[in-house]
1. Just grab the label-to-label distance for A360 and N102, each label 7 Å out from Cα along the Cβ direction, in nm (one decimal).
2. Using the basic label-point model (7 angstrom from Cα toward the beta carbon), what is the R72 to V399 distance in nanometres?
3. Given 0.36 nm per residue, what is the gain on full extension from A31 to Q51 after removing their alpha carbon distance, in nm?
4. When the helix-only estimate is applied to the chain (DSSP H runs of n ≥ 4, each -39,500 (n - 2.57), divided by the residue count), what is the mean residue ellipticity at 222 nm, nearest 500 deg cm²/dmol?
5. Rounded to whole Hz and in sequence order, give me ³J(HN,Hα) for region 463-478 from the Karplus expression 6.51 cos²θ - 1.76 cosθ + 1.60, θ = phi - 60°, writing x for Gly and Pro.
6. Report the gain in length on full extension from L422 to S436: 0.36 nm times residue separation, minus Cα-Cα distance, nm rounded to one decimal.
7. For a quick check: with amide H placed at 1.01 Å from N, whose amide H comes under 5 Å from V399's, ignoring anything fewer than 5 positions away on the same chain?
8. Tell me the carbon and sulfur percent of the accessible area for the chain, rounded to whole percent, probe radius 1.4 Å.
Amino acid sequence: DLIPQDTEAILLVEFEGEDASIEAKGIDLRARVVDEIGLGTGGVLAHDKGQMEKLWRLRKAAVPMVMKSTGRRRPIPFIEDVVVPPQRLPDFLDGLHTILENYAVDSAAYGHAGEGNIHVRPLLDLSRQKDIEKMEAVAGEVYSLVRGLGGSPSGEHGDGLVRAPFLKDFSGPLYELFFWTKRIFDPKGILNPDKKICDKVSISEDLRFGASYENVPTGTGFDDKNLIEQIERCHGCGMCRSAVDTTMCPVYKALGDEKYTPRAKANLLRALVRGRLKPDELIGDPQFRELIDMCYQCRMCLSECPTEVNMPLLTKLAKAEIVKRHGMSLSDRMFCNFESVGRLASRSALASNFLMRIAAMRAVVEWLSGLSRARNMPPFNKGQFKLKKKSSLLRGRRVVVYFPGCFVNFMDARLGQSLSNLLERADMELVVPDLSCCGIPSLSLGDLDGARKRAERNIRALLPFASKGIPIVATCPSCALALKKEYIELLGTEEAQVVAGMVHDATAF
Ligand code: SF4
Ligand code: SF4
C-alpha cells in the first residue's frame, strides 16, 4: 500500500535530527524532487518508526527478490558494485540505461544513492554464446562510462576476478605499483591468483556455465529439470560458509571444512549433471556419502541462501541414490521403522526399560544402532499413548487435532496428556486420528518410498479435519516440519497443502 504498483524506481532518504524541522526538510525535498524537478510521482513521508522500518525492509528485500528469479536468465554480478561521484549519479544511470537498452538486456539495480554506489544485476543466460557476448560488451561499455565519470569499478566490495581485466585502465600508473608489490610478496603468484593483477582481457574466461555447458542424462533422480535448476541456482557466493550473520551451515560452522557447505554439495552435483563426474564416481565415493550424511536437514540454508537453493531436498535425494546403490545399514533401517520398534518396546515397557538399564544391553543397542551407551535413553511408555479426557465433551467445545508423533506415542505420553489438559482449560478438545510416524527418519535416511507411504497415510487421516478448518497441533518440531513443509515437497498435492495450512507447532498455537 505504500508503493504504487507501477513504480519503476524508489529513492529512500532518511533524515536524522531532534526537532520538528526534520519533517519540514522531508516535505521540502519531496516538493523539489516531485513538483519542481518532476523526477518522481507521489512520495511517501514515513513519520513513525514502524513506517520507516517497512520502507527499509523494501530495500533489504531487493537482493533476495532479484536473486530468486527463476528460469535460464540469472542476475549476473559483473557490473555489480560500481561507484561514481554522487553528483554524477544521474549521468551514470542515464548511460547505464542506454547501454542496457542497446543490448536488449533486462536488469535490476539497487544501491546507495548518497555514495553514488550502484549494484546492477543484468539478467543473462550464460549458457548462450549470444548472452556471453552481451556480457562482455556491456561490461566494457559500463566500465568505460564509469571511468569517464571519474568513478571506480568497486565501491564496497573487492575487485575479485571479474573486475581484474579492467583495473589496468582504471588504475593508470598505480597499476605498475600493484604489479610490483604483488611480485615482491608473491613471486610465484600463488596468493589469490588472477585477482587484481592478471593477464586476462576477457571476463568470460573460466565461466561456471559457458556456451559449451550442457547437462547429460545420469540415470539418477537428478535428471529432473527442476532439480537441475536447483543445482544450478548456486552461484557460489559463499554465504553458506560465512562465519557471521548467518546460521547456515551449522555443520560447516562446527567443522570448518568447505566440503560440508551447501556450496560444495551443489558443485559436486553440478559436476554430476554436467557429466564431469560419473554417477558411480560420485555416489560411490565414501567422502561424498559422509558429507551427505552430515547434512541433518536443519533447512537453515533454504531460508538464508540468497538464491534459495533447496539443498535439503537435494541432499535427501542424494541420500536416496546412495541407498539405492549401497543399501541401508541396519541402524538406519531401525530408525526408519522406529514406530514398530517403539510399539514393541512400549508393549513390554517394564522389560524394555529394565533391559535398557543393563550395561551389556546398552552395548548391544550401541552396536546395533550407533546410539552411544553413555546416553540416557528416555524410558518407554507403558503402552502406546492414549488420551485421557478429564471431562466429558462439552457442546460447543472447539475440536483440535493432535499429532503426537513417535516420541509422545512411545516415550513421553505425559507431554501429550499435558497439552490435552491445557487445551481443555481453554475449552478445546484434542482428538487423535489414526496416524503414522511422520516419516522424517525415512526422509532423511534415504527411504523416500517409506516416507511417501507414511505421508500419504497421514494426509488421508488429517484431510477431513483440515478441510473443515480444524487446527492440527504437533508437539514434536520434526513432525510439525513434516506436516507443514516436507509433505508438500514429497507429494506435491493440493491435499498436502490444505493440511499444511492448518498445522501449528504446539508452542505457537
Ligand atoms: S548454496 Fe546459496 S549461499 Fe551457498 S554458495 Fe550457493 S548460492 Fe551462495
Ligand atoms: S540443511 Fe544441511 S546443508 Fe543446509 S544448513 Fe542444514 S545441515 Fe547445512
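The values are calculated or read from the model by the stated rules, or taken from the named source; none is laboratory data. Bear in mind that the values here come from a model prediction, so they are computed numbers and not experimental data. Note that we place each Cβ from the backbone using ideal geometry, even for glycine, and neighbour counts take in every protein chain shown. Heavy atoms of the whole protein, side chains included, go into the accessibility calculation; ligands, DNA and RNA do not. Shrake-Rupley method; radii C 1.70, N 1.55, O 1.52, S 1.80 Å.
1. Computed distance between label sites A360 and N102 equals 8.6 nm.
2. Here the answer is 5.2 nm between the modelled labels.
3. Stretched fully, the A31-Q51 segment lengthens by 5.2 nm.
4. -14000 deg cm²/dmol
5. For region 463-478, the Karplus-derived couplings read 4, x, 7, 4, 6, 9, x, 7, x, 10, 10, 10, 8, 9, x, 5 Hz, x marking Gly and Pro.
6. Difference between extended and current length: 2.6 nm.
7. Amide H neighbours of V399, under 5 Å, 5+ apart: E429.
8. 55
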